[in-house]
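As structure tokens, the structure follows; a few thoughts come after it.
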Amino acid sequence: RQDHGHFLGKYHDLTEQLAKEQGVTPAGKATKTSRLPVFEDDRARLRLTPRHYAYLRISEGCNQGCGFCTIPSIRGPMRSKPIEQIIAEARELAADGAVELNLIGQDTTSFGTDIGYAAGLAGVLKTLDRELPRDVQWIRLMYAYPSTFSDDMIKALADSDRFVKYIDMPLQHISDRMLNVMKRRVTRDQIDTLLDKLRKWIPGMAIRTTLIAGSPTETQAEHDELVQWVKDRDFDHLGVFPYSPEPGTPMGRMTDQVGEKVKQEWVEEIMLAQQDNVFARNEKRINETVDVIVDRPAGRDLEDGYVARIQGQAPDIDSCVFLASPRKLVPGEIVKAQITDFQNYDLIAQIPQEKRRSLKVVGK
Ligand code: SF4
């Protein structure tokens, strides 16, 4: 969906539904969160992810008011979770076996603005790094908003090797006029400066973004600017959605809508530009040695290998690594592997055979 993070809003409804289907009562009381003035407690909840990774929601709702998005009217204004509660939930997830935590919220970089927490997201990151047991080896930040992404946040991410070199930051468009139509409160110049800084301060940083093609009044020239920018920026992961008018939004009320056929063509053009970048980058990665986290066996036998991810691949949304291993692995294990090939967006890697030591016969 173009309004990223929308599935998060369904989380509790889904929990309740799953519990109903399985005939169990969810440990955490599931409630309707629409227009909630306060924050819900996610502790002791029914986990929907495999044991070794988990989503940790740090805020709910959003104050950004993007012109195409219904989230603020559905999920309500931004509500940051108290830091003590975040730490308690993170510890609980760690105790339950989570090796990787993915921090989520509709707008994670605005954390704390509603509760007067001056340290903001940088404070959350530093506290998590200080307080969490080392069993949590990877911490990933999702759903950053470009205009509220501060230098302090980048420094906090750079300062600990537990923060994976990865950021998910939906950018939607790059033409200044379209950013204005979309009410994004950010300019092309600011976005480019931020992207340069992220890549410079955190070398090897993988960046995922999401775009919208064919918003009302978008011209061919603005679309061309977007395609060229995608080619130049070399994003690690990119999703693009054809604009879809949502009732009750400023852009949904605009009369100058782009035709469906044009929208689809523009989506394809952007994805082709992205595909060229990804395939070229994957080719260059062959022979690179990387850390991978094992997600699951790819089949029933050891020969089938495993589905795994590098730090630059988030669970459930990005491409993956198909991993061959000479020994049995368990989900959540982080191992060194060598990239040997790629298959479209996915990487192929193997764990090198351990060298056997043998006695040398000396003095003959
Ligand atoms: S940042 Fe914009 S797109 Fe994302 S949830 Fe908020 S209003 Fe919607």
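Since every read-out is calculated from the coordinates, none of them should be taken as a lab result. Here the structure is a predicted model, which means the values were calculated and not measured. So basically every Cβ, Gly included, is an ideal-geometry build from the backbone, and we count neighbours across all protein chains shown.
Got a sec to turn the phi values of the stretch 55-72 into Karplus ³J(HN,Hα) couplings, 6.51 cos²θ - 1.76 cosθ + 1.60 with θ = phi - 60°, whole Hz, x for Gly and Pro?
My calculation for the stretch 55-72 gives 9, 10, 7, 9, 7, 9, x, 7, 10, 6, x, 4, x, 10, 10, 9, 3, x Hz in order.
Enumerate the amide H contacts of TYR143 below 5 Å, restricted to partners 5 or more residues apart or on another chain; note that Pro and chain-start residues carry no placed amide H.
Residues meeting the amide H criterion: ASP168.
Could you tell me which chymotrypsin sites (Phe, Trp or Tyr not before Pro) in the stretch 66-135 are loop residues by DSSP with no more than 16 other beta carbons within 10 angstrom of their beta carbon? Write down the numbers at each step before the final one.
Details: sites: PHE68, PHE111, TYR117; in loops: PHE68, PHE111, TYR117.
Of the chymotrypsin sites (Phe, Trp or Tyr not before Pro), the ones in loops of the stretch 66-135 whose Cβ has at most 16 other Cβ atoms within 10 Å are TYR117.
Taking Cα pairs under 8 Å and at least six residues apart, what relative contact order does the stretch 85-181 come out at, in percent?
On the way: 114 pairs, mean separation 29.6, N = 97.
Normalised by residue count, the contact order of the stretch 85-181 is 30 percent.
When the chain is fully extended, how far beyond the present Cα-Cα distance does LYS261 get from ARG285, taking 0.36 nm per residue of separation? It would help to have the intermediate numbers written out before the result.
Numbers: separation 24, 0.36 × 24 = 8.64 nm, distance 3.62 nm.
Residue separation times 0.36 nm, minus the Cα-Cα distance, leaves 5.0 nm.
Pairs LYS165/LYS336; LYS81/LYS200; LYS231/LYS263: which exceed 28 Å Cα-Cα? Write out the running numbers ahead of the final one.
Working: LYS165/LYS336 16 Å; LYS81/LYS200 31 Å; LYS231/LYS263 19 Å.
Over 28 Å apart, Cα to Cα: LYS81/LYS200.
Alpha carbon centre of the stretch 51-130 versus the stretch 282-337: separation in Å?
28 Å
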